[in-house]
Structures are given as structure tokens and as C-alpha cells.
Amino acid sequence: MFKKIKRFIYTKILRKKYYRIGNCLGCGKCCKKIYVKTSNHVVQDEKEFEKLKLLHRFYGYLTIIGKDETGLIFSCSNLDEKTNLCKIHKNRPGICRRYPQEELFMMGGEISEDCGYKMVPIVPFSEIFDKILKK
Ligand code: SF4
Ligand code: SF4
């Protein structure tokens, strides 16, 4: 019953397609290569990023380290380089607490292979396949 309620909330109310399972292993990789997405695109230039810094403290933590076909790449100054742990863990922004989210895929991103979290489809492929066969 709990599973059904959870699935209903995730799919019908939150409009999610994936459950996040697993735990953070503290490797720090997701804090070393970050893309910044605004409402409809990944940030491409420094000027735009400077404006974003005024909107949320999270952006102020980021430093540009490069650019690729997706957009500007940032790393976070709060990552302790020796321990790979977040120096403001207890007060880290919500976006860090919610990582990884499925929106990551929509902007062309991916979770590192050795991340302790995995995203699994809420509706298994076999169930979708069965529905198609019944039609
Ligand atoms: S990549 Fe995954 S395991 Fe590594 S710090 Fe980020 S959330 Fe944790
Ligand atoms: S604030 Fe902490 S958890 Fe968030 S990106 Fe920076 S180092 Fe990572």
C-alpha cells in the first residue's frame, strides 16, 4: 500500500519519472564538474553568470574551470580538496541536498558511474511493454 501511495505521489503529483536510490559515498565528483542551468538553458557565458550570482548564494560558491559543448563548467570552492567533503555540509544549499535529480538528464548531464546514487524508473520498462502489448 505504501509503495502504491509513494508511486502515486511521485508520478501524479510531483511528475517524476525516476526514484533516486542509494547514498552519497563522498567522492566529491559532483562538486568538481558542475553545469548551471537557468529556466531553459545551460549557462554559456560569464556575463550571464555574474547576474546569477546576485540571485542565489550557491552561484557565489562557483568558479569557472572550463567550457565544453554543453556550457560553462564550474567547480565549487566549498569542496575540501584533501577530503573531498563539503566544508559547509550542514548548511549546503538545497540544490546540493537534492542532488542528483532527474532534471540532470534533461540538460544532457549524467551521474558519474561510481556515484553511490542511482536513478531508477518508477514505472519499470516491463510494465510499459506489457501495456503496449495489451493495446
Ligand atoms: S558523485 Fe555521488 S557519491 Fe560522489 S559526492 Fe556526488 S553524490 Fe556523492
Ligand atoms: S556547496 Fe558543498 S555540496 Fe554543494 S557543490 Fe559545493 S562542495 Fe558540493
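Listing for the model above:
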read-out: Quarter of Cα convex hull surface for the stretch 27-98, i.e. mean projection, nm²; value: 5.0
read-out: Contact order relative to length of the stretch 27-98, as percent, for alpha carbon pairs under 8 angstrom and 6 or more apart; value: 33
read-out: Rel. contact order, % - alpha carbon contacts under 8 angstrom, at least six apart, the chain; value: 34
read-out: Where GluC sites (Glu not before Pro) fall in DSSP loop in the stretch 1-86, at most 16 other Cβ within 10 Å; value: E69, E81
read-out: Volume in Å³ per residue [convex hull over Cα atoms, computed for the chain]; value: 158
read-out: Cleavage-rule hits, trypsin sites (Lys or Arg not before Pro), the stretch 1-106, DSSP coil, Cβ neighbours within 10 Å at most 11; value: R15, K82, R98
read-out: Between helix 125-134 and the chain: long-axis angle, C-alpha atoms, 0 to 90°, nearest 10; value: 40
read-out: Charge dipole of the chain about the Cα centre (unit charges at C-beta), most positive-ward option of C31, V43, F2; value: F2
read-out: Reachable lysines, given that their alpha-carbon falls under 24 Å from the alpha-carbon of K4 and they are not under 8 places away in the same chain; value: K12, K16, K17, K118, K131, K134, K135
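Computed from the coordinates by the stated procedures, all read-outs in this text should not be read as laboratory data. Model, not experiment: these values are computed from the prediction. For neighbour counting, all protein chains shown are included, and Cβ atoms are generated from backbone atoms with ideal geometry for every residue, glycine included.
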